[in-house]
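Down below is the structure, laid out as structure tokens.
The values are calculated or read from the model by the stated rules, or taken from the named source; none is laboratory data. Owing to the predicted nature of the structure, the values given are computational and were not obtained by experimental measurement. Cβ sites come from the backbone with ideal geometry, for glycine too, and all protein chains shown count toward neighbours. Surface areas here come from the heavy atoms of the whole protein model, side chains and all, with no ligands, DNA or RNA. Shrake-Rupley method; radii C 1.70, N 1.55, O 1.52, S 1.80 Å.
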Amino acid sequence: MNGPVNEAATIEARFRVDRGAFVLDVDLRIPGRGVTALFGRSGSGKTTLLRCLAGLERIHGGRLRFMGEAWQDERSFLPVHRRPLGYVFQEASLFPHLRVRGNLAYGMKRVPETGRRVDFDETVDLLGLAELLGRYPDELSGGQRQRAALGRALLTGPRLLLMDEPMASLDAASKAEILPYIERLHDRLSIPVVYVSHAIDEVARIADHMVLLEDGRVLAEGPLAEMLTRGDLPLAHTETASAVIEAVVARHDDRHHLTELEFDGGTLVVSREEIEPGQWVRVRVMARDVAINLAPPEGTSVLNCLPVRVLDISDDPHPGHVLVRLGVADQTLLARITRRSLERLRLEPGMEAHALIKGVALT
């Protein structure tokens with residue numbers, strides 16, 4: 001990370017875990033706000049690192065400072081029950097003999113009233129739990145159980161929320177159900193979240209910062225938008241390579257069931273979304289859905305045409321393709337095009353061009 005860092009607004013972690021066949025060796029400084037994703041393939045060390053942050057792994061020589069406070073160093077170790085954190089596991093660990101209301105109340109018992117950061121009613125509203133309070137865990141769907149588990153974690157008054165692949169065991173419908181609630185946490189609470197996942201679609205939707213782990217080491221870390229589009233990282237060279245654009249909802253086109261989003265680089269038209277005008281949103285743009293034209297096209301069905309500048313061009317795993325990074329205002333897009341198109345357009349870094357994106361392709 002560049003520039004001076006405010007220690008009181010960061011989480012600093014240094015751990016080395018040697019298990020013979022696997023070694024975790026990390027030295028991190030991540031933001032003390034927003035959502036930080038620990039991302040990588042299975043076995044890269046994500047959950048082990050999360051357990052170290054929680055204090056579930058007592059590592060000799062480890063160091064952890066949270067907002068300037070020493071939770072672990074060479075002289076001291078704050079046990080897990082004294083760390084002000086909430087932990088949400090892959091499987092919702094609810095008490096089966098208690099209804100949802102009882103499970104939430106159990107979380108509140110762990111902290112005095114003065115230490116609570118969100119109250120019961122606010123948590124119920126935030127996570128849409130009102131209709132579930134009288135149900136037992138075995139009467140809930142997977143997504144509902146995870147929402148209840150998240151609510152119980154919040155009611156412990158955490159200053160840090162750790163989430164270990166909370167959607168790994170959910171089907172597509174349950175994931176779609178719970179993601180908007182996690183987004184609401186991001187928007188309405190100031191509690192920093194460390195979120196473990198190997199699903200890039202989840203990370204692209206909710207994370208602000210990413211730590212990319214590979215074989216127990218940090219391959220890179222930084223702001224999400226930067227990490228997704230760095231040509232020297234593997235994320236940009238997969239089939240799901242993408243960029244994210246931050247924009248504001250400008251207006252709705254009710255006649256054509258479309259929504260218009262505005263940002264410094266222009267206007268994006270997407271399928272109608274029920275979001276109030278004025279609200280900031282994040283749009284994921286897949287590299288495979290971006291075409292490049294030297295001039296604004298005429299007579300095309302493509303609704304989105306953005307003026308861009310070619311930043312750089314790199315090889316792609318497929319020998320017939322290249323990856324083009326495009327600057328659009330102060331944000332970045334990726335385009336995966338054929339080498340034939342590259343030669344035909346004679347693209348070079350620094351050139352001005354136009355990016356074409358189908359509205360139906362944007363999420």
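Laid out as a table, the results:
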| quantity | calculated |
| --- | --- |
| Mean projected area (nm²) of the alpha-carbon convex hull when region 118-236 is viewed from all directions | 8.3 nm² |
| Burial ranking of peptide ranges 154-161, 298-305, 182-189 (average Cβ count within 10 Å, highest at the top) | 154-161, 182-189, 298-305 |
| ³J(HN,Hα), Karplus 6.51/-1.76/1.60, whole Hz, each residue of region 291-307, x for Gly, Pro | 10, 10, 10, 6, 9, x, x, 10, x, 10, 7, 6, 7, 10, 9, 10, x |
| Between region 306-363 and region 83-138, the alpha-carbon center distance in angstrom | 47 Å |
| Rounded to 10°, Cα long-axis angle of helix 100-109 versus longest principal axis of the chain | 70 degrees |
| Cβ charges +1 (Lys, Arg) and -1 (Asp, Glu), total dipole of the chain, debye | 980 debye |
| Most positive-pole-ward Cα, 133, 154, 169, against dipole of region 129-193 from beta carbon charges | 154 |
| Low-density loop cleavage sites - GluC sites (Glu not before Pro) in region 184-256, where at most 15 other Cβ are within 10 Å (DSSP) | 239 |
| Under Karplus coefficients 6.51, -1.76 and 1.60, residue-wise ³J(HN,Hα) of region 180-190 in Hz, glycine/proline x | x, 6, 5, 4, 5, 4, 4, 6, 10, 10, 9 |
| Cleavage-rule hits (trypsin sites (Lys or Arg not before Pro)) in region 254-305: DSSP loop, at most 16 neighbouring Cβ within 10 angstrom | 255, 272 |
| Among 118, 36, 331 - extreme Cα towards positive end, dipole of the chain, charges at beta-carbon | 118 |
| Cut-off under 5 Å, modelled amide H: who pairs with residue 37 long-range | 195, 208, 209, 210, 211 |
| Heavy-atom accessible surface of the chain: percent carbon and sulfur, 1.4 Å | 48 percent |
| Packing rank of 14-20, 141-147, where each peptide gets the mean count of other beta carbons within 10 Å, highest leading | 141-147, 14-20 |
| HN-Hα J in Hz across region 126-139 - Karplus 6.51, -1.76, 1.60, θ = phi - 60°, x for Gly and Pro | 4, 9, x, 9, 3, 7, 9, 4, x, 9, 8, x, 6, 9 |
| Three principal axis lengths of region 208-349 [C-alpha, angstrom, descending] | 48, 40, 23 |
| Inverse of mean 1/r across different Cα pairs in the chain, Kirkwood, Å | 22.3 Å |
| Value of relative contact order over the chain, rounded to a whole percent, pairs C-alpha under 8 Å and six or more apart | 15 percent |
| Residues whose placed amide H lies under 5 Å from that of residue 214, excluding near-sequence neighbours | 219 |
